[in-house]
Amino acid sequence: MERLVSSWCHDGALPQSYICPPETRPGKLTIPSDDNIPVINLGEASINRNNTIINVLKASQEFGCFQVVNHGVSEKLLNDTMNVVAEFFGMPMEDKASLYSEDPNKVCRLYTSKTNYGTGKYHFWRDVLKHPCHQLEACTKLWPRKPTRYRDVIGTFSVEAKKLGLTILELLCEGLGLESRYFEDDLSGALFLVANHYPPCPDPSLTLGLPKHCDPNLITILLQGTVHGLQVFKDGQWIGVQPLPNALVVNIGLQLRIVSNNKLKSSEHRVVTNSKTTRTTVGLFISSCDDNIIEPAKSLTSAAEPPLYRPFRYREFLSYYYSTMGDTELALQPFKVSI
């Protein structure tokens, strides 16, 4: 428990083990305007579905990241979700002690820095709560008992966020020419919540909340709250993702990039800290079941456009991904087909 950033961050000094190598530090550079990150009004799909498909597809091809508004998840549920997660992280340490674990195989756990604290030469400025959300009835028994409304609120949010994720996947399927239900069942059968808590940092120029990486899963739905921190790497520069009222951020993961045979892009992104305000985010990670076979969709390949990746089990990919510390190209290399 004493390793949790929130348990000692008020000491006023940045430990040496949290100082990133010079080439990965955010520094004091001014981040360019975030006007380029697409914002898509999903409410328009009922009026002009084709236009919405075009917008979602274009954003997924060019950025691999976009925000959605009028997405069907209520403002009250978004606020309740953010509030109950912030309340969890704000509880006394003794109320969270039973959940803390440095065992990456523990199903529901509170931890700090990265999946495996002992790996790597430096740490990241965050505390994390992670747990599965499917099958819901079985999963909720493993979730935090406090705050008392946590299970009800997060259970509802996970259902609504999964529904939104499947809606976006359906739009992408139609845009790519896949059967609209291609990603239902096992290809989207796993669901994890990852809540990140980034306390104020004494020197944000030297450390990161999360390093540059792509999500390994299919698609991520992120509630990022009102505090800046998420940045996307595009065309050689970092672009800040502006927090918008009641918006949700959508990240295309590596699994979706592979299934699309590189027709879609996975966004490389990172999280920077700040010295004044705590930042809390809630991400829903939709992915394949571990033993499911991942490969480019047959209808998206041909003699002219052969598969760029070999078939593999998602479990195999996930294991290798974590061993590479999120290095995107290194993580993909063993799964690529030599042409």
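The values are calculated or read from the model by the stated rules, or taken from the named source; none is laboratory data. Everything quoted here is computed from the prediction, not taken from an experiment. Every residue, glycine as well, gets a Cβ built from its backbone with ideal geometry; the counts of neighbours run over all protein chains shown. For the accessible areas, the whole protein counts, side chains as well, though only heavy atoms, and no ligand, DNA or RNA atoms are used. Shrake-Rupley method; radii C 1.70, N 1.55, O 1.52, S 1.80 Å.
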Worksheet item: When ligands, DNA and RNA are left out and all protein chains stay put, how many square angstrom of accessible area per residue does the stretch 171-258 have with a 1.4 Å probe?
Response: 30 Å²
Worksheet entry | For a label point 7 Å along the Cα-to-beta-carbon line of Glu295, residues of the stretch 261-284 with backbone N under 17 Å | 261-262
Item to complete: Can you find, among Ala195, Asn70, Ser7, the residue farthest towards the positive end of the dipole of the chain? Put +1 on the C-beta of Lys and Arg, -1 on that of Asp and Glu.
Response: Ser7
Practice prompt. For a label point 7 Å from the Cα of Leu142 along Cα→C-beta, name the residues of the stretch 191-233 whose backbone N is under 11 Å from it.
Written response: 191-193
Practice prompt. Rank by packing, highest mean first: peptides 2-14, 47-59, 171-183, with packing defined as the count of other Cβ atoms within 10 Å averaged across residues.
Written response: 171-183, 47-59, 2-14
Discussion item. Out of the total accessible area of the stretch 164-315 (probe 1.4 Å, heavy atoms of protein only), what percent is carbon and sulfur?
Written reply: 52 percent
Discussion item. Per 0.36 nm of contour for each residue apart, how much would the distance between Asp235 and Asp95 grow if the chain were fully extended, relative to their Cα-Cα spacing?
Written reply: 45.9 nm
Fill in: Fraction of accessible area attributable to carbon and sulfur, the stretch 105-160 (%, probe 1.4 Å)
50 percent
Item to complete: Run the dipole for the stretch 1-127 about the Cα centre, Lys and Arg Cβ at +1, Asp and Glu Cβ at -1, nothing else charged, and hand back the magnitude in debye, nearest 20.
Response: 360 debye
Practice prompt. List, in order, the whole-Hz ³J(HN,Hα) value for each residue of the stretch 145-155 obtained from phi through the Karplus relation with A = 6.51, B = -1.76, C = 1.60 and θ = phi - 60°; use x for Gly and Pro.
Written response: 7, 10, x, 4, 8, 4, 5, 5, 5, 5, x
Worksheet item: If r is the Cβ-Cβ distance from Lys76 to Gln333 and R0 is 56 Å, what FRET efficiency results, to the nearest 0.05?
Response: 0.80
Practice prompt. Name the shape class, rounded, prolate or oblate, that the alpha-carbon gyration tensor gives for the stretch 56-98, where a ≥ b ≥ c are the square roots of its eigenvalues, rounded holds for a/c under 1.5, and otherwise prolate holds if a/b is larger than b/c and oblate otherwise.
Written response: oblate
Item to complete: Report the charge-dipole magnitude of the stretch 221-308 in Debye, nearest 20, computed about the Cα centre from +1 at each Lys and Arg Cβ and -1 at each Asp and Glu Cβ.
Response: 360 debye
Practice prompt. Tabulate in residue order the Karplus-calculated ³J(HN,Hα) for the stretch 106-122, using 6.51 cos²θ - 1.76 cosθ + 1.60 with θ = phi - 60°, rounded to whole Hz; enter x for Gly and Pro.
Written response: 5, 5, 10, 8, 9, 8, 9, 6, 9, 4, 10, 4, x, 8, x, 9, 8
Worksheet, complete the sentence: Checked the stretch 2-159 against the a/c 1.5 cut and the a/b vs b/c comparison, axes a ≥ b ≥ c from its Cα gyration tensor; verdict oblate
Fill in: Computed label-point distance, nm, for sites Asp186 and Ile19 using a 7 Å Cα→Cβ extension
5.0 nm
Fill in: Reduced Cα scattering model of the stretch 171-248, Debye log10 I(q)/I(0), q = 0.15 Å⁻¹
-0.79
Worksheet item: For the stretch 286-339, rounded, prolate or oblate, judged on the Cα gyration tensor with a ≥ b ≥ c (square roots of eigenvalues), a/c < 1.5 rounded, else prolate if a/b > b/c?
Response: oblate
Item to complete: Quote the charge dipole size of the chain about the Cα centre in Debye, to the nearest 20; the model charges only the Cβ of Lys and Arg (+1) and of Asp and Glu (-1).
Response: 340 debye
Worksheet item: Tell me, how many Å apart are the Cα centres for the stretch 190-255 and for the stretch 156-171?
Response: 19 Å
Worksheet item: Listed here are the pairs Lys28/Lys106; Lys162/Lys212; Lys96/Lys265; Lys162/Lys298; Lys114/Lys141; which of them are more than 27 Å apart at the Cα?
Response: Lys28/Lys106; Lys96/Lys265
Item to complete: Within 10 Å, count the other beta carbons around each residue, average over each peptide in 107-114, 217-224, 119-126, and list them highest first.
Response: 217-224, 107-114, 119-126
Worksheet item: Using mean Cβ contacts within 10 Å as the protection proxy, how do 298-306, 80-88 order, highest first?
Response: 80-88, 298-306
Worksheet item: Ignoring ligands, DNA and RNA, what percent of the accessible area of the stretch 1-92 is carbon or sulfur (1.4 Å)?
Response: 49 percent
